[in-house]
Amino acid sequence: MTVLDIPELALVALVGVSGAGKSTFARRHFAPSQVLSSDMFRGLVADDENDQAASADAFDALHHVAGIRLRRGRLTVVDATNLQSHARAGLIRVAREHDVLPVAIVLDVPEAVAWERTEARADRTHGRPVLTRMRRDLRQSYGRLAREGFRKVHVLRGVEEIDAAEVRYEKLF
Ligand code: GTP
Ligand code: MG
């Protein structure tokens, strides 16, 4: 079992390609109200969870709600791919504004696994090249996360390690 130590109050960024299992992991380990997903916010602002053109507005709204939650002292999990520095920078900024520790949990599954899952889903229509690009972004992310300001970077490699992970909360004081 891999134990993921997370401060009681943190901004948790899930990081992983589409099909890595971020939303599944979030459902398993956190309460629905603690999880802010990019899909949910695209749906809220555009009535379409897959409307990529709505992403800028969706993330604006997501960051806003995350900030309010952190101000209120509520642990918040961001379920989005978070594969690019500029996307993560928005989360680091919100966490800093509220003096909350940003934590990353990387879910790394083989590309073949992510692709097999993607093909089985009706709600994902991107092609394999998009997934390959996400894998490249993921590889680049490894060296960057700590430097960007994530105070803890937990990496779960492979389906078994992801399955066996448990979250443990650290008292802040
Ligand atoms: P995006 O939202 O597209 O970025 O993907 P995601 O990382 O949120 O993946 P999600 O959790 O939606 O999982 C994708 C698919 O894989 C879903 O159909 C899940 O049911 C399946 N899946 C996720 N985790 C597991 C797992 O541990 N085992 C198995 N067998 N299937 C899984
Ligand atoms: Mg998801």
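The values are calculated or read from the model by the stated rules, or taken from the named source; none is laboratory data. Everything numeric here is computed off the predicted structure, so don't read it as measured data. Here the Cβ positions follow ideal geometry from the backbone for every residue, glycine too, while neighbour counts run over all protein chains shown. Accessible surface areas use protein heavy atoms only, side chains included; no ligands, DNA or RNA. Shrake-Rupley method; radii C 1.70, N 1.55, O 1.52, S 1.80 Å.
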Can you pull out the residues in region 156-172 that are open to solvent by 50 Å² or more (accessible area, probe 1.4 Å) and either at pLDDT 95 or above or within 13 Å of residue 20 (Cβ to Cβ) (or both)? 157, 159, 160, 161, 163, 166, 168, 169
For residues that are out of contact with any strand residue (DSSP E or B) (no Cβ under 7 Å at 6 or more places or on another chain), more than 10 Å from ligand 2 (Cβ to nearest atom) and touching a residue at least 60 places away in the same chain (Cβ under 8 Å), scanning just region 1-36, find the one that is farthest from residue 66 (Cα to Cα). 17
Let me spell it out: the conditions are (1) of a type in the set (Gly, Ala, Ser); (2) part of a helix (DSSP H, G or I); (3) farther than 19 Å from residue 152 by Cβ, and residue 19 meets all of them except one. Which number is the exception? (2)
Going through region 143-173 in order, the residues found to be within 16 Å of ligand 1 (Cβ to nearest atom), touching a helix residue (DSSP H, G or I) at 6+ places or on another chain (Cβ under 8 Å) and part of a helix (DSSP H, G or I) are 159, 162
Condition met for residue 97 (over 13 Å from residue 17 (Cβ atoms), open to solvent by 90 Å² or more (accessible area, probe 1.4 Å) and over 13 Å from the mean Cα position of the chain (by Cα)): yes
Flagged in region 4-53 as open to solvent by less than 50 Å² (accessible area, probe 1.4 Å) and more than 15 Å from ligand 1 (Cβ to nearest atom), in numbering order, are 4, 5, 6, 7, 9, 10, 11, 31, 34, 46
Could you figure out which of (1) among the small types (Gly, Ala, Ser); (2) crowded, with 18+ Cβ neighbours inside 10 Å; (3) under 29 Å from residue 47 (Cβ atoms) isn't true of residue 141? (3)
Turns out the helices (runs of 4 or more DSSP H) fully within region 45-142 with at least 3 residues that are among the hydroxyl-bearing types (Ser, Thr, Tyr) are 128-142
Does region 67-77 contain any residue that is surrounded by fewer than 22 Cβ atoms within 10 Å (Cβ to Cβ) and within 16 Å of ligand 1 (Cβ to nearest atom)? no
